[in-house]
Amino acid sequence: MVSENKTDVIVVGAGPAGVSAAVTIARGGKKVILVERGNFAGAKNMYGGVIYEHAVKELFPDFLESAPVERFVTSHSYMLLDDEQSTTITYKNHKEMQNSFVAIRAKWDRWCVEQAVKDGVYFVPDTLVNKLIVEQGKVVGIKTDLEEYFADIVIIADGVNSLLAQQIGLRDEIKPKQTALGVKEVIKLPEEVINQRFGLNSKEGAAYELVGGPLSGMLALGFIYTNKNSVAVGIGACLEDLKVQKIKPYELLAKLKSHPSVAALTEGGELLEYSAHLIPEGGYNAMPKLYTDGAMVVGDAAMLVNNAHFEGTNMAMISGKFAGETALEAFEKNDFSVNMLCLYRKKLENSFILKDLKTYRSVVDILSTRTSSFLGYYPQKVCEFFDIFTTADGIEKRGKFVKFTKDFFRKRSLAELFKDGISAIKLVFGVLK
Ligand SMILES: Cc1cc2nc3c(=O)[nH]c(=O)nc-3n(C[C@H](O)[C@H](O)[C@H](O)COP(=O)(O)OP(=O)(O)OC[C@H]3O[C@@H](n4cnc5c(N)ncnc54)[C@H](O)[C@@H]3O)c2cc1C
């Protein structure tokens, strides 16, 4: 194909996956256009809040000199809720180097693209790719509202919905059971208030995962992250559960925010922003075909998210890097067919990405059959136990513990407990085998 609208590689989507693919290709000496529908990178993007250093360092080794890091995550808390109480386990890290940091996507994505442009990526914002152009079974370009552009390779990094990968038959429409809806509020608070409430200094940050309480009975987790001058509070809830239980996500978030233990962390703040975004939950079992003649699929578009550990940006970045490296090898061999692009999948298989996704492939399915237990009943019971354990009221303890134990078994039949036990074993052995 010879055309003035022809380049070596087109990358669609300037999220973490797309920018990583594009910068890898530009550094390898090939011409690459990065097309983004937002009027700047990050304009359309939201997430919880944590970026992982191992992935960033592979792409931008000197990022600490200029990247918009809000705070380094030094404290990870797991908060089990019932309606009024909470039990929190906190892991605090005093290492000199942290492994993750909180960043705001509108700033972070923009910074990444600025670095990529310095390395030779041609960035085209404000441009929606409507279609992929396919000729004789091979992807050869893209179609926007105004024009057609052609390339030897197109990298599809258009995120969780990936209409483009659907259009060429690489994946199906997203299924509610395999998708979560994330909703988030960013609440402005003075830096000193955040430091004091979360027990941090100005560089340190906190990450919270919240289970149970208002989220009970559905496959849903809450999260809290500290920015420098604001706190992000959100939930990720399975779309199917929201639909079946007819729950509005913003109402669920409002309930979570009004829980006394959560309200205490955000009290007095000013709402800066409300946003919503889908999260792929299907993992390994729902992964699409990752390549075809002339194209590769990366990041969320390829369902590369490990929900159990809130890891998505690192998988997006490294998958983008692998696709970029594969593209460079394809140019060396002048072969843009599946015979060459299958190398991309091999790279993923040999990395933590497909190894971890394989390890965790049953977690969401198992949890979805036992949500009322693991994400509702047990967190509530832990809170009840600590209520008894910490209460001195002149009543003897033994009677209280006997009542607690009887209640525990009365509200959960032996059959239910047996099923929970089997699921717990499956979870543990699924991960260890
Ligand atoms: C609520 C929530 C919390 C999360 N928390 C975390 C977390 O704490 N840590 C973590 O690592 N991950 C987290 N994730 C997951 C993480 O955000 C994603 O895995 C990651 O952003 C995927 O990157 P990506 O580049 O594949 O896709 P995206 O970041 O979605 O980027 C896709 C880009 O493509 C553009 N685009 C889409 N269609 C087109 C088109 N047709 N034409 C042109 N441009 C297009 C979009 O505008 C966007 O810029 C969270 C996600 C959500 C929703």
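Only the coordinates and a few stated rules stand behind these numbers; no lab work does. Nothing here was measured: the structure is a model prediction, and the numbers come from that model. Don't worry about glycine lacking a Cβ; one is built from the backbone with ideal geometry, like all the others, and counts go over all protein chains shown.
Here are a few things to note about the model shown:
- With all pairs of different C-alpha atoms in the average, the Kirkwood value for the hydrodynamic radius of the range 1-114 is 16.5 Å.
- Gap separating the Cα centres of the range 296-334 and the range 210-263, nearest whole Å: 29
- By other beta-carbon atoms within 10 Å, ranking Cys383, Cys112, Cys342 with the fewest at the front produces Cys342, Cys383, Cys112.
- Residue order, fewest to most surrounding Cβ atoms within 10 angstrom, among Met296, Met317: Met317, Met296
- Shape annotation for the range 177-280: C-alpha extents along the principal axes are 42, 25, 20 Å, from largest to smallest.
- Along its three principal directions, the equivalent ellipsoid of the range 363-432 from the Cα gyration tensor extends over semi-axes of 29, 13, 10 Å, largest first.
- 10 °C / 1.306 mPa s Stokes-Einstein diffusion coefficient of the range 99-141, Kirkwood radius on C-alpha pairs, µm²/s: 119
- Equivalent-ellipsoid semi-axes for the chain (Cα gyration tensor, √(5λ), whole Å, largest first): 43, 24, 18.
- Cβ crowding within 10 Å, taken as a proxy for footprinting-reagent exposure, orders Lys30, Lys400, Lys57 from fewest neighbours to most as Lys57, Lys400, Lys30.
- Counted over the chain, the DSSP beta bridges are approximately 70% antiparallel.
- Over 18 Å (Cα to Cα) - which of Lys175/Lys355; Lys143/Lys289; Lys6/Lys143; Lys381/Lys411; Lys30/Lys346; Lys30/Lys321 fall in this group: Lys175/Lys355; Lys143/Lys289; Lys30/Lys346
- The chain: relative contact order as a whole-number percent, Cα under 8 Å and 6+ apart: 20
- The Cα-based radius of gyration of the range 252-317, divided by its Kirkwood radius, gives an Rg/Rh of 1.18.
- Proportion of all alpha-carbon pairs of the range 125-230 beyond 19 Å (%): 65
- Relative intensity, log₁₀ I(q)/I(0), of the range 292-433 from a Debye sum that treats every alpha carbon as a point, q = 0.14 Å⁻¹: -0.79
- Alpha-carbon centroids, the range 165-186 and the range 42-96: separation in whole Å: 24
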